[in-house]
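*Asks:* Sending over a structure as structure tokens; questions will come in a sec.
The values are calculated or read from the model by the stated rules, or taken from the named source; none is laboratory data. Note that the structure is predicted; figures quoted are calculated from it, not measured. As a convention, Cβ positions derive from the backbone with ideal geometry for all residues, glycine included, and neighbour counts pool all protein chains shown. Accessible surface areas use protein heavy atoms only, side chains included; no ligands, DNA or RNA. Shrake-Rupley method; radii C 1.70, N 1.55, O 1.52, S 1.80 Å.
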Amino acid sequence: MEIRRTGTQGPGQGKKRRIMTTYITTPIYYVNALPHLGHAYTTIVTDTYCRFRRLCGDDVRFQTGTDEHGEKIAQAAEAEGVSPREYADRISEEFRRTWPLLAVEPDHFIRTTDPVHVRTVQDILRRVHDQGDIYFSEYTGLYCQGCERFLTEKELVGGKCPDHLQAPREISEQNYFFRMSRYQGWLIDHIRENPEFITPERYRNEVLSFLGEPLEDLCISRPKARLTWGIPLPFDDNFVTYVWFDALINYLTGIGYPDDPDFRRYWKAAEHVIAKDILKPHAIYWPTMLKAMGLQPYRRLHVHGYWNVEETKMSKSIGNVVRPGELVERYGADTVRYFVLREMSFGLDASFSTEAVIERRNSDLANDLGNLFARSLTMIGKYADGKIPEPDHLILTEADRELIGAVEEMTARYQEYMNDFQFQRALREIWKVISMMNRFIVTNAPWELAKSPGHYSRLMTVLYFLAESLRFIALVLQPVMPAAAAKMAAALGLTGEMEAATLSTAGKWGLLRPGTLISQGEQLFPRLDKAKKAEPPPRPQKQDGGKKKAAPPGKGLISFDQFGQIDLRVAEVTAAEKIAGSEKLLKLTVKAPEERVIVAGIAKHYEPEELVGRLALIVANLQPARIMGVTSQGMVLAARETDENGNEHLVLASVADRVRAGGKIS
Ligand code: ME8
């Protein structure tokens, strides 16, 4: 199915920068199972990288699809009482329909049952056979049906396949073999000479260590007596093609091998994304097959780890399989994409839990980014007539220059990390700037500047800096959270412009045009309720009585031990809002370092927006209390002052220098 897009170049490209091409693929997924979190991860990563390369101005082609031949599929179809073709049609369609839900937009969705793929596989087999790289022989080996390949003794753990936890069957049969061993020396040299060929490095080392032993030839057929659901061998009608020789070739057929101009354009720039389960077919079978065909190998292979669910392997029998469609329904595509990219360190395993998704959503997206965005736009609305203000570049402060520096450094590091598939690190760089911007608001206190007309120019500069930094954040977040980035851009008055933007055209400070109308629109990321079990227990009724009883006898002094029982900590306010129906109370969300909610009686003394980003001192081990329907987990410390008119003022207690949230006060 062709869903090509044209005109991937941003304006202003081409003359200065040579347009690079990128061809990026996911594995083609077996149609014996419905899409789950693992498939979704690989596909989100691939889509994100594709969008990132487009943001760099590259001409990109992105392919995914389904792998439909083989024993596993034939058996699954039989179990459902339908033909393999009908069965494959149904599940393949499920995969195809899932990706747009996650904002994944491939250019091409390939199926190994596509007639053009079948023809290409047969043409390649014929050629490789004619040149003497395929021969007929008898083989006895240990066959794992889950892997659809013969395993070596060394690969077994306790006599079983480590991936499928089943003992392989010993099979002896006559089959066709690809002379893979002939290319072993070449492959070792190629991997050694091209450090980026297989990444992360641990997988490159794993492959090199495997290649330290003599490589066996690869069995590439199945007798029709045993399996009919496969591509017939063009030189022997009694056999069908073994799945890997069929499946791997999808990467070529999808771009029109051998004659289509797209093949010449994209193959040299091929990058595959897979998980560690199919490392060997991609790192060993595939490059040697390409070599035998006289083609250059792919450019890079990116290998990631497994997603487990609450530390347990995802499996149908345990009933813990996470479905992407359900995740999107609950959290939205942007949150799912952000979560998986932020949570998994590419190459290592990661664990999924609902709590972890909610935590990321509330803390990183709703508090850090969402609040920053909402506050900044509200202030531009309030103090600058809802238009991007004119900055005064003649009165820049040290903090202003620091912010520009941080934004530029973030953009540079982001590119390096994204290019290396270190999505987690790229996102951390972005969030460093978000934190810095939250502090920038607190130190510049626009609400104070607004009180005096003499500070007008400074106020406009501060607001411009916020808007311009947010434009950068939207730009770099585009590949990760396309919908949120588009909303941010639209709110900043950049509708239409961001889609065509590239990092070289738009990644320069100062491009946001003063006078542009902004629009405040809806919240970017509404907070999600945590699961009930995460709530603290309600506090006992008579807390005050308890406090009096605990007072020490004598002259109002407490012992050192008693002081030591109070857990005083530094907390960073990440969100603040008024409590409906109360004039005095604010609901503060703080990090100390874990997130908690504290109700504070300071509404008459502080606007919620000026508190976010501030460091406060809290008593962290106070019995939780339910106040106006909100559970308060601690107390914020404030100094009380009465002025000459007898009015009481509360001033939040804090620390003189910036310290880490959660630090103990002693
Ligand atoms: O192997 N964690 O298809 P497949 C992370 N058809 N990723 C996971 C995962 C998990 N728990 N489970 C699956 C095949 N994946 C062949 C590929 S390619 C020419 C042929 C993802 O349906 C990951 O990308 O078993 C893994 O490599 C792939 O799904 C395996 O998909």
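*Asks:* Search segment 301-319 for residues that are among the hydroxyl-bearing types (S, T, Y) and pair each with any residue that is within 9 Å of the ligand (Cβ to nearest atom) and open to solvent by 60 Å² or more (accessible area, probe 1.4 Å) when their beta-carbon atoms are under 6 Å apart and the residues are at least 6 apart or on different chains.
*Replies:* Within 6 Å, the pairs are Y306/D349.
*Asks:* Which residue is nearest to the ligand (Cβ to nearest atom), if the candidates are limited to segment 267-298 and must be more than 16 Å from G254 (Cβ to Cβ) and outside any helix (DSSP H, G or I)?
*Replies:* Step by step, filter segment 267-298, then rank; the result is A275.
*Asks:* A follow-up question, please. In the set D217, D163, D189, which member is touching a strand residue (DSSP E or B) at 6+ places or on another chain (Cβ under 6 Å) and among the acidic types (D, E)?
*Replies:* Selected residue: D217, the only one of D217, D163, D189 that is touching a strand residue (DSSP E or B) at 6+ places or on another chain (Cβ under 6 Å) and among the acidic types (D, E).
*Asks:* With respect to E610, determine if the residue is surrounded by fewer than 19 Cβ atoms within 10 Å (Cβ to Cβ) and part of a helix (DSSP H, G or I). Full working, then the answer.
*Replies:* Values: surrounded by fewer than 19 Cβ atoms within 10 Å (Cβ to Cβ): yes; part of a helix (DSSP H, G or I): yes.
When the stated conditions are applied, E610 passes them.
*Asks:* Among the residues of segment 140-148, are any aromatic (F, W, Y) and either in contact (Cβ under 8 Å) with a residue 40 or more places away in the chain or on the phi > 0 side of the Ramachandran plot (or both)?
*Replies:* No, there is no match, as no residue in segment 140-148 is aromatic (F, W, Y) and either in contact (Cβ under 8 Å) with a residue 40 or more places away in the chain or on the phi > 0 side of the Ramachandran plot (or both).
*Asks:* Would you mind stating whether Y30 is surrounded by fewer than 24 Cβ atoms within 10 Å (Cβ to Cβ), of a type in the set (F, W, Y), closer than 25 Å to G332 by Cα and modelled with pLDDT of 90 or more?
*Replies:* Here the answer is no, as Y30 does not meet what is asked.
*Asks:* Just checking, how many residues over segment 321-336 are within 12 Å of the ligand (Cβ to nearest atom) and open to solvent by 30 Å² or more (accessible area, probe 1.4 Å)?
*Replies:* 1
*Asks:* Can you go through R119, R111, R90 and tell me which one is open to solvent by 10 Å² or more (accessible area, probe 1.4 Å) and in contact with a helix residue (DSSP H, G or I) (Cβ under 8 Å, 6 or more places away or on another chain)? Spell out how you get there, then give the answer.
*Replies:* Numbers: R119 fails: in contact with a helix residue (DSSP H, G or I) (Cβ under 8 Å, 6 or more places away or on another chain); R90 fails: in contact with a helix residue (DSSP H, G or I) (Cβ under 8 Å, 6 or more places away or on another chain).
None of the others qualify; the one that does is R111.
*Asks:* Only residues in segment 25-43 that are of a type in the set (A, V, I, L, M) count as the first member; pair them with residues that are within 6 Å of the ligand (Cβ to nearest atom) and assigned to a loop (DSSP other than H, G, I, E, B), Cβ under 7 angstrom, at least 6 apart or cross-chain, and list the lot.
*Replies:* Listed by first residue and then by second, the contacts come to L37/M314.
*Asks:* Collect the residues in segment 344-374 that are surrounded by fewer than 20 Cβ atoms within 10 Å (Cβ to Cβ) and assigned to a helix (DSSP H, G or I), keeping them in residue-number order.
*Replies:* Within segment 344-374, T354, E355, A356, E359, R360, S363 meet the criteria.
*Asks:* Please tell me if A406 is among the small types (G, A, S), within 23 Å of G613 (Cα to Cα) and open to solvent by less than 30 Å² (accessible area, probe 1.4 Å).
*Replies:* Answer is yes for this residue.
*Asks:* So, one more: Give the residue, chosen from A603, A576, A571, that is of a type in the set (A, V, I, L, M), over 17 Å from A366 (Cα atoms) and assigned to a strand (DSSP E or B).
*Replies:* Result of the check over A603, A576, A571: A571.
*Asks:* I've got another one for you. Might you check whether a residue that is of a type in the set (D, E) and either within 25 Å of V597 (Cβ to Cβ) or outside the structural domain of Y456 (by TED's automatic domain parsing) (or both) occurs anywhere in segment 362-379?
*Replies:* The initial filter retains those residues of segment 362-379 that are of a type in the set (D, E), namely 364, 368.
Subset that is either within 25 Å of V597 (Cβ to Cβ) or outside the structural domain of Y456 (by TED's automatic domain parsing) (or both): 364, 368.
There is at least one residue in segment 362-379 that is of a type in the set (D, E) and either within 25 Å of V597 (Cβ to Cβ) or outside the structural domain of Y456 (by TED's automatic domain parsing) (or both).
*Asks:* Give the residue, chosen from A603, A661, that is over 35 Å from the mean Cα position of the chain (by Cα) and open to solvent by less than 30 Å² (accessible area, probe 1.4 Å).
*Replies:* On the way: A661 fails: over 35 Å from the mean Cα position of the chain (by Cα).
Sole residue among the options that is over 35 Å from the mean Cα position of the chain (by Cα) and open to solvent by less than 30 Å² (accessible area, probe 1.4 Å): A603.
*Asks:* Take E80 and tell me if it is touching a Phe, Trp or Tyr at 6+ places or on another chain (Cβ under 9 Å) and either closer than 23 Å to V328 by Cβ or open to solvent by 10 Å² or more (accessible area, probe 1.4 Å) (or both).
*Replies:* Criteria met by E80.
*Asks:* Can you name every one of the helices (runs of 4 or more DSSP H) wholly within segment 22-139 that holds 3 or more residues which are within 13 Å of the ligand (Cβ to nearest atom) and over 30 Å from S504 (Cα atoms)?
*Replies:* In segment 22-139, 37-55, 71-80, 84-101 are the helices (runs of 4 or more DSSP H) which contain 3 or more residues that are within 13 Å of the ligand (Cβ to nearest atom) and over 30 Å from S504 (Cα atoms).
*Asks:* If a residue has to be in a helix (DSSP H, G or I) and open to solvent by less than 80 Å² (accessible area, probe 1.4 Å) to count, how many in segment 190-226 make the cut?
*Replies:* Counting residues in segment 190-226 that are in a helix (DSSP H, G or I) and open to solvent by less than 80 Å² (accessible area, probe 1.4 Å) gives 8.
*Asks:* Report whether or not L348 is within 16 Å of the ligand (Cβ to nearest atom), hydrophobic (A, V, I, L, M, F, W, C), out of contact with any helix residue (DSSP H, G or I) (no Cβ under 7 Å at 6 or more places or on another chain) and under 29 Å from H302 (Cβ atoms).
*Replies:* Against the criterion (within 16 Å of the ligand (Cβ to nearest atom), hydrophobic (A, V, I, L, M, F, W, C), out of contact with any helix residue (DSSP H, G or I) (no Cβ under 7 Å at 6 or more places or on another chain) and under 29 Å from H302 (Cβ atoms)), L348 qualifies.
*Asks:* For segment 300-343, which positions are among the hydrophobic types (A, V, I, L, M, F, W, C) and not in a loop (DSSP other than H, G, I, E, B)?
*Replies:* Looking only at segment 300-343, we keep the residues that are among the hydrophobic types (A, V, I, L, M, F, W, C), and these are 301, 303, 307, 309, 314, 318, 321-322, 327-328, 333, 336, 339-341.
Listed by number, the residues that qualify are L301, V303, W307, V309, L327, V328, A333, V336, F339, V340, L341.
Every residue, every condition in (1) under 25 Å from the mean Cα position of the chain (by Cα); (2) open to solvent by 40 Å² or more (accessible area, probe 1.4 Å), yes or no:
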{"site": "Y417", "(1), (2)": "yes, yes"}
{"site": "L427", "(1), (2)": "yes, no"}
{"site": "V433", "(1), (2)": "yes, no"}
{"site": "E448", "(1), (2)": "no, yes"}
{"site": "L459", "(1), (2)": "no, no"}
{"site": "F472", "(1), (2)": "yes, no"}
{"site": "V476", "(1), (2)": "yes, no"}
{"site": "A484", "(1), (2)": "yes, no"}
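*Asks:* Within segment 375-403, can you find the residues that are assigned to a helix (DSSP H, G or I), surrounded by 18 or more Cβ atoms within 10 Å (Cβ to Cβ) and not hydrophobic (A, V, I, L, M, F, W, C)?
*Replies:* If the condition is that a residue be assigned to a helix (DSSP H, G or I), surrounded by 18 or more Cβ atoms within 10 Å (Cβ to Cβ) and not hydrophobic (A, V, I, L, M, F, W, C), then R375, S376, Y383, D400 are the ones that fit.
*Asks:* Going by what's in this entry, would L290 be described as touching a His at 6+ places or on another chain (Cβ under 6 Å), in the same structural domain as D133 (by TED's automatic domain parsing) and surrounded by 20 or more Cβ atoms within 10 Å (Cβ to Cβ)?
*Replies:* Here the answer is no, as L290 does not meet what is asked.
*Asks:* Please work out which residue is modelled with the lowest pLDDT, limiting yourself to segment 227-244 and to residues that are open to solvent by less than 10 Å² (accessible area, probe 1.4 Å) and more than 31 Å from the chain's Cα centre (by Cα).
*Replies:* Going through the qualifying residues, I end up with Y242.
*Asks:* Does segment 213-239 hold any residues that are away from the ligand (no atom under 16 Å from the Cβ) and touching a Leu at 6+ places or on another chain (Cβ under 9 Å), and which are they?
*Replies:* Once the filter is applied, which keeps residues that are away from the ligand (no atom under 16 Å from the Cβ) and touching a Leu at 6+ places or on another chain (Cβ under 9 Å), segment 213-239 yields L215, S221, L233, P234, F235, F239.
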